[in-house]
Each structure stands twice: as structure tokens, then as C-alpha cells.
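Below you'll find the structure, written out as C-alpha cells, and then a few comments.
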There are 2 protein chains.
Amino acid sequence: MGRLTGRDPSLLRRINSAVVLRALRAADGPPTLSDLAQVAELSRPTVEGVVEQLVEAGLAAEAAVASGDVRRQGRPARRYRFRAEAGHLLGIEIGPHRVAAVLSDLCGRRLGTVGRAVSEQATADERLERARAVVAELLRTCEVPRSTLRAVGVGSPGIVEADGTVRLCTALPGWTGLPLGERLRRSFRCPVLVENDANAAALAEHWKGAAVGVDDAVFVLAGLSPGAGSLIGGRLHRGFGGAAGEIGALHLLGREATPEHLLSTTGEPLHPLDEAAVARVFALAREGDERARQAVERFIRRLVHDVAALVLALDPELVVVGGWATGLDGVLDPLRRELERYCLRPPRVALSLLGGEAIATGALRLALDHVEEELFTVEGAVAR
Amino acid sequence: MGRLTGRDPSLLRRINSAVVLRALRAADGPPTLSDLAQVAELSRPTVEGVVEQLVEAGLAAEAAVASGDVRRQGRPARRYRFRAEAGHLLGIEIGPHRVAAVLSDLCGRRLGTVGRAVSEQATADERLERARAVVAELLRTCEVPRSTLRAVGVGSPGIVEADGTVRLCTALPGWTGLPLGERLRRSFRCPVLVENDANAAALAEHWKGAAVGVDDAVFVLAGLSPGAGSLIGGRLHRGFGGAAGEIGALHLLGREATPEHLLSTTGEPLHPLDEAAVARVFALAREGDERARQAVERFIRRLVHDVAALVLALDPELVVVGGWATGLDGVLDPLRRELERYCLRPPRVALSLLGGEAIATGALRLALDHVEEELFTVEGAVAR
């Protein structure tokens with residue numbers, strides 16, 4: 001039932017504030033109060049009151065007057081701008097081999113990034129310590145005080161519950177059962193949002209990668225422990241228990257070989273987390289090594305099967321493949337060809353545009369979504 | 001951006017009308033104008049005006065006064081009720097072997113149903129003619145004039161586009177490319193909504209079957225041409241091109257045998273639409289026939305694979321299996337067992353409660369959703 005309630009004066013203030021803030025941020029150049037009143041469809045006195053509050057809260061500031069305006073007769077109208085520098089956001093990737101963080105202002109503009117290797121055998125404590133060190137280095141380098149952080153997003157492998165606890169993760173030692181959100185919240189005074197890595201990457205490709213403008217897309221994190229993140233109608237589909245897209249188990253169904261076996265050129269399986277060995281096999285295959293070529297072929301057949309299952313279940317417009325920096329480009333053509341054979345309506349297939357940055361960028365997007373919701377949208381105005 | 005616009009007086013009238021109508025229908029007993037004013041949070045004169053309009057439009061009526069009220073002193077307050085009989089809804093199933101229709105009032109209360117067999121070799125014209133005959137018989141039996149129909153829902157195999165055209169259907173002769181919605185609209189003066197059969201069945205199980213109260217559920221229409229319908233957050237997930245859940249092609253991936261081969265006890269494949277032969281194989285297996293038992297086992301293994309792919313992709317709370325009236329109960333236990341092995345978070349598995357009525361019932365739900373949206377919700381009140 002769509003009903004207007006709006007009898008609460010503080011709610012009305014929040015609505016007006018959100019509307020003005022949004023208009024302020026969306027404006028091409030710094031708007032005057034009259035400009036804002038027009039865009040926000042509010043009276044000028046109301047806008048004036050709201051802008052005063054926003055300036056007080058540090059979210060808006062008077063804009064420097066352009067020299068062209070000064071020459072005009074009389075005192076020029078004051079102009080205002082959104083203070084994107086009023087707060088900062090962090091996106092953190094905690095992966096099997098790498099911990100990385102990216103910092104942005106309140107508009108999501110990137111201010112810096114730091115990445116460090118971490119051993120695949122590191123304990124949970126060591127991995128968390130590495131993440132904290134990366135964040136500290138990034139804040140120091142960018143000269144941003146920790147107290148200005150408004151939200152932190154985290155992307156990490158495994159099934160992640162709503163409170164940030166890792167329900168199940170086979171990729172990182174000690175990760176299953178880890179209250180990752182709670183542990184990281186000790187280092188920050190702002191909200192910390194934890195998301196599955198493939199889900200975060202899907203958000204990133206939708207934000208500024210291969211899926212810009214595509215609201216029904218699947219991101220496949222191809223790897224020795226493959227996973228997928230799905231956007232449906234522009235929103236992340238997490239599933240009832242946060243396990244949607246965990247296609248890594250699919251190969252068990254046919255009692256088929258694991259990716260570690262498929263990509264082996266020696267008969268011995270690769271180490272389940274040794275993605276450097278994977279890169280070597282892909283490189284050998286490109287150089288014409290017959291056994292490597294066969295291994296890659298087996299692996300691609302497996303990947304095609306996993307992706308086809310996802311595509312038949314979800315019917316996305318686009319499949320984005322990412323995960324390994326090199327070697328994946330050879331996957332696209334066979335994937336397209338096979339999907340055309342098996343799918344009633346084959347989706348487009350594209351390579352990730354963000355590569356190794358996808359997970360941290362998606363984590364940043366999570367943080368940005370959080371503050372945008374806080375600042376720019378008005379929940380409760382409409383009862384359903 | 002959630003903003004209140006509501007400057008349009010006709011929009012305000014629509015909002016008030018929807019709110020009162022909803023309160024009227026939701027009331028336990030027939031409410032007075034004062035009751036309605038309280039529930040709808042509107043002034044009594046406003047409610048009086050709205051109810052007057054609703055009575056004029058035939059959607060509300062004065063309720064008969066209970067004898068208890070008459071004995072009280074003074075004239076009792078008038079009471080009103082929603083006239084569910086003011087219009088009617090149809091749900092139609094058009095399947096390979098059967099055409100059925102169910103009729104209801106505006107509250108979705110079932111007034112009657114008619115089902116007739118149709119040959120799997122029938123042409124599209126013959127099948128449509130059969131559907132029209134079934135509808136005519138149903139309306140005649142229930143003594144409901146065709147002019148009172150407010151919406152018609154249709155469930156049928158295949159990928160169905162938004163306008164009701166069948167994009168692809170391997171199960172019914174002449175169905176691919178058929179403008180099914182357009183053809184049926186000639187027989188009705190109200191909106192006709194066409195939906196894939198498994199999708200319709202999913203809606204039905206959610207409305208009054210095994211998935212009541214479960215918003216993340218997958219309905220598997222197990223058959224020689226299996227399909228699935230998925231609810232995500234209580235809404236149907238159709239996919240970008242309406243092909244979501246078309247898992248019938250999954251067996252092609254492993255170049256594995258088709259269901260017709262899997263269920264054969266003779267080495268010769270069953271006819272792809274001969275579901276009576278399937279029932280015979282299931283019955284033989286129950287009686288202990290070894291070859292039938294093996295055939296059913298092969299078939300179940302295949303079904304488990306298809307369902308597991310769906311479950312890994314979507315992570316639903318519940319899987320409902322339906323499609324065949326008999327034999328399917330033997331599928332549940334192996335399905336549960338296997339899903340527990342392969343899925344990180346196995347869903348509950350249940351048998352359809354609606355059986356052969358699921359598709360027509362879901363088609364009726366589509367029609368009901370349409371009139372509910374028309375009558376009870378207010379779009380445009382909130383600009384996003």
C-alpha cells in the first residue's frame with residue numbers, strides 16, 4: 001500500500017535535507033539557493049534553512065566565486081557546493097594472496113590505494129594484522145585522519161552472514177566461523193560492511209567496469225575455487241543464506257575432477273591456492289605446450305559448465321569473467337561459443353575491466369552505498 | 001530519492017480511494033464510515049465521499065445489518081463491504097496434454113474449474129480452440145457473464161516475452177513465435193497476462209501451496225522437459241530475456257543422455273511428451289522391476305544435478321518439486337540427501353501441494369495481482 005504519512009516534522013526536515021543535499025551534489029556547477037529551490041521543488045526560505053544546517057554539519061560550504069561573477073553589478077548570489085572532503089570511505093580486499101585497500105572521498109573519488117602480498121598459509125590473525133597495516137599505511141600516505149572515515153567495505157572469500165561473520169570459507173585458513181565484521185569494527189569507529197569477494201567484484205564492474213549500465217549481470221571469479229556474484233535489477237542477489245553463486249561445488253555433482261586436477265600438467269594436482277602455478281600453465285599453453293594446452297582446455301570446459309548453469313538459472317544480460325590477471329582472455333571465445341549452443345538466449349560475455357582491483361573497488365562501493373543511503377535517501381517517508 | 005509530490009488532486013483522490021478500498025477489503029466484519037476513517041487515517045467526510053464513489057462504481061455496497069444491531073436504540077451506523085462479486089478473474093493452463101481454467105471473484109475465491117485433455121500433437125489453433133471452449137464451459141457452468149472478467153492469467157510452457165509472445169517452446173507444436181497473448185486477447189475485453197508454466201506454478205505454491213510464507217523459493221516442474229520458476233524476495237525472477245530457470249538444456253553440457261533416454265527401460269527413448277509412459281516406469285519401479293528402478297535412478301540423478309545447479313546459483317530457502325501427479329514422492333529423499341552433500345547451505349525440499357492445479361492457480365494469481373495493483377495500490381505517489 002503506497003501511502004503518504006509525513007506527519008512527523010523531523011521526518012520532513014530529513015526529507016528536505018536529503019533532497020537539497022542530493023541536488024547540491026548532482027549540480028553541474030555550484031548552485032545558488034534559488035537554483036536549489038527550483039531543483040528541489042522547495043521554497044527558498046526552506047532551502048536557506050536546510051543549507052545553513054548542512055554548512056553547520058560540514059556537509060556543504062560556500063563555493064569560491066568565479067571571477068566572471070565578480071565583475072557583474074551588485075553583490076553576486078552566494079553559491080554552494082557539497083563537501084565531498086567532509087568524510088572518507090575505505091574499500092578493503094582480504095584475499096588468499098593479497099590484502100589491498102582503496103580510499104575515497106564522499107563522492108567515491110579515489111584518493112589512493114595500497115596493496116600487499118600475504119601468504120596463503122597466514123593465520124586469520126596474521127591476515128587481519130596485515131589488513132590493519134595496509135589501512136594504516138594508506139591513511140598515512142593520503143594524510144587522512146582515521147576519524148574522518150564514514151564507512152568501510154570489505155570483500156573476502158566465503159559465505160558471509162549479514163553481521164559480517166564468515167559462515168564458511170575453504171580458501172583462507174581459520175576463516176570459517178570468523179566474526180570478521182566484529183574483529184574489524186574494533187579498528188574503526190564507523191560502520192564496517194563485509195561482503196563475499198565475487199559479490200563485491202560484481203558491484204565494482206557495475207559501478208565502473210564491464211557491467212556499467214547493465215542491471216542483470218553475473219560476475220564469475222574464475223579461480224581454483226570459483227565463485228560468482230549476481231546483480232538482479234541492479235541489486236546484489238545474495239540468496240537466502242548468503243550462498244548464492246557458490247558454484248565451486250558444482251563439479252562435485254558429476255564426481256568430476258577439481259580445478260586443481262584439471263589444470264595439472266603432471267598428474268599431481270596443483271596446490272588449491274597456488275594461482276601462480278595456474279598462471280604458469282596458462283602461459284605454457286599460450287607458448288604451445290601440448291600438455292598445458294590440454295589442461296587449459298579441460299579447465300575451460302569445466303568453467304563453461306559452471307557458468308552455463310548460472311546462466312540457465314538466472315538468465316542475465318551479461319557475464320563478466322575476472323579473477324586472474326593473465327590467461328583469462330583465452331576463456332572468452334570458447335565460453336561464448338558453448339553458451340550459444342546450450343543457452344536458449346545466450347548472454348553477452350566480457351572480460352573484467354577492473355582486473356585485480358575489482359574486489360577492493362566493490363568493497364568501496366558498499367561503503368559508498370551505505371553513506372549515500374544515510375545522507376541522500378529518506379526511508380520511512382513511504383509506508384508500504 | 002524518496003520524495004513526496006502529491007500536488008495532483010486526482011492523484012490524491014486515487015490514493016484515498018485505494019486506501020479506503022484496501023481497508024474495506026481487509027476488515028474483519030463490515031466496517032462503518034467511522035471505522036474506515038480510523039483505519040485509513042482520513043477524515044470522516046473524505047471517507048464518506050470516497051465510499052459514495054466506490055458504491056457508484058459497484059466496488060462497495062451497504063452491508064446487511066446484523067439483527068443484534070437493530071435492537072439497539074436509535075438508527076445503527078451504516079456498514080459497508082467490498083463487492084468481491086463486482087468482477088471475475090480467470091486462470092488458464094495451456095499444456096501439452098491438458099487445458100484447464102479456474103474462475104474466481106475479485107478476492108481470488110475460487111468459483112469453479114474445468115479441465116479437458118488435449119492431444120500433444122494438436123496444432124496451435126486446435127489448442128487455442130480447446131482453451132476457448134474450456135473457458136466458455138466454465139463461465140456457463142458458473143453463470144458468470146464474460147463481460148465481468150477483469151483480468152485473465154495464462155500459464156504455458158516456453159520462454160514468454162513481456163507482451164505474451166512465445167519466444168521459444170519445444171514442448172508444444174506451433175508454439176514458438178506464437179503471439180499467444182494477442183491471440184487470446186481477441187476473446188476477452190480485459191487484460192490477458194501470459195507467463196511461463198513453471199513461473200506460474202511457483203506463484204501458486206507461494207500463494208496457497210508448499211511455499212506459503214517463503215519468499216525465496218524455487219519451483220521445479222519435473223518432467224521430460226524440466227523447467228523451474230524462482231521467487232526472489234517474494235517476486236518472480238524472470239531473467240533478462242524471460243529465460244531464467246530453463247534448466248532443460250543443462251544436460252546438453254555434459255553431452256549426457258536426455259530425460260527420454262534416462263527413463264527408457266527398452267533402450268529406445270520415450271516419446272519426449274509421453275508423460276503417461278513416464279508414470280508407467282515410475283509405477284514399475286515401485287513394484288520392484290529392476291530395469292525400471294535403474295531408469296528412475298538415472299533420472300533422479302539427472303534431476304538432482306539440475307536442481308543443485310539452480311540451488312547453487314540462487315541459494316533459495318525452499319525447493320518445491322512438482323509436475324507429475326505420481327512417482328515424484330520417490331524423488332524427495334535422494335534429492336535432499338544429494339543437496340546436503342553438494343550445497344554449502346542445503347535448502348528445504350518439499351513436494352508441490354497443488355499438484356496438477358498449480359499452473360492454472362498461478363495463472364489466476366497473476367490476474368489477481370493485476371487487479372490488486374489496479375485497485376489497491378497507488379503508483380506515482382512516490383517519485384524515485
Inter-label distance for B:GLN294 and B:ALA61, nm, one decimal - labels placed 7 Å from Cα along Cα-to-Cβ | 6.6 nm
Once the whole set of protein chains is in place, how much accessible area is left on B:LYS208, using a 1.4 Å probe, in Å² to the nearest 10?
-> 90 Å²
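Rounded to the nearest 0.05, what FRET efficiency do B:GLU287 and A:GLU182 give with R0 = 56 Å and r taken as the Cβ-Cβ distance? Could you check? Provide the component values of the computation, followed by the final result.
On the way: r = 57 Å, r/R0 = 1.03.
FRET efficiency, B:GLU287 to A:GLU182: 0.45.
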Expected max-MSF residue from B:LEU90, B:LEU12, B:LEU59 in the GNM of chain B (alpha carbon, under 10 Å) is B:LEU12
Cα atoms only, region A:53-203: Rg and Dmax in Å?
-> 19.8, 70
A 1.4 Å probe over the protein heavy atoms gives chain B a carbon and sulfur accessible-area percentage of 49 percent
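About the Cα centre of the protein assembly as shown, how large is the charge dipole given +1 on each Lys and Arg Cβ and -1 on each Asp and Glu Cβ? Please answer in debye to the nearest 20.
On the way: 94 positive and 98 negative charges, 421 e Å.
Taking the Cα centre of the protein assembly as shown as origin, the dipole is about 2020 debye.
How high is the FRET efficiency from A:SER119 to A:LEU351, r the C-beta distance, R0 30 Å, rounded to 0.05?
0.60
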Anyone know which of A:VAL39, A:VAL118, A:VAL99 comes out most mobile in the 10 Å Cα GNM of chain A?
-> A:VAL39
With a cut-off of 19 Å, note down the residues of region B:276-290 whose backbone N falls inside the zone around a label point 7 Å from the Cα of B:GLU268 toward its beta carbon.
-> B:276-282, B:284
What are the label-to-label distances in nm, one decimal and shortest first, from B:GLU48 to the same spot in the other copies, with labels 7 Å along Cα to Cβ?
-> 4.3
Can you list, shortest first and in nm, the gaps between the label point of B:ARG280 and those of its counterparts in the other copies, using a point 7 Å from Cα in the C-beta direction?
-> 6.0
What angle do you read, to the nearest 10 degrees and between 0 and 90, between the alpha-carbon axis of helix B:329-342 and the longest principal axis of chain B?
-> 80 degrees
With Cα coordinates, the longest principal axis of chain A makes an angle with the long axis of helix A:197-208, in degrees rounded to 10, of 50 degrees
How large is Rg over Rh for the protein assembly as shown, taking Rg from the Cα atoms and Rh as the Kirkwood inverse mean of 1/r across Cα pairs?
-> 1.02
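Give me the orientation-averaged projected area of the Cα convex hull of chain A, in nm², one decimal.
On the way: hull surface 94.3 nm².
If you wrap the Cα atoms of chain A in a convex hull and average its projections, you get 23.6 nm².
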Would you kindly work out, in nm and rounded to one decimal, the distances from the label point of B:GLU340 to those of the same position in each other copy, ordered shortest first, with label points 7 Å along Cα-to-Cβ?
-> 4.5
Per residue, in Å², the accessible surface of the protein assembly as shown once ligands and nucleic acids are set aside, probe 1.4 Å = 44 Å²
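Out of the DSSP beta bridges found with both residues in chain B, what percent are antiparallel (nearest 5)?
Working: 29 of 49 bridges.
In chain B, DSSP labels about 60 percent of beta bridges as antiparallel.
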Out of B:ARG238, B:ARG345, B:ARG110, a Gaussian network model of chain B with alpha-carbon springs under 10 Å gives the largest mean-square fluctuation to B:ARG345
Work out which residues of region B:129-172 lose at minimum 10 square angstrom of accessible surface when the other protein chains are put back, relative to the chain isolated, with a 1.4 angstrom probe, and list them by number.
-> B:ILE159, B:ARG167, B:LEU168
Take every Cα pair under 8 Å in chain B that's 6+ residues apart, average their separations, divide by the length, and report that relative contact order as a whole percent.
-> 18 percent
Could you check what % of the DSSP bridge pairs in the protein assembly as shown are antiparallel, to the nearest 5?
-> 60 percent
Which value, in square angstrom to the nearest 100, describes the accessible area buried between chains B and A on both sides, using a 1.4 angstrom probe?
-> 4700 Å²
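The values are calculated or read from the model by the stated rules, or taken from the named source; none is laboratory data. Note that this is a predicted model, so its numbers are computed, not measured. Cβ coordinates were reconstructed from backbone atoms using ideal geometry, including for glycine residues, and neighbour counts include every protein chain displayed. To get the accessible areas, we keep the full protein, side chains included, count just its heavy atoms, and leave off ligands, DNA and RNA. Shrake-Rupley method; radii C 1.70, N 1.55, O 1.52, S 1.80 Å.
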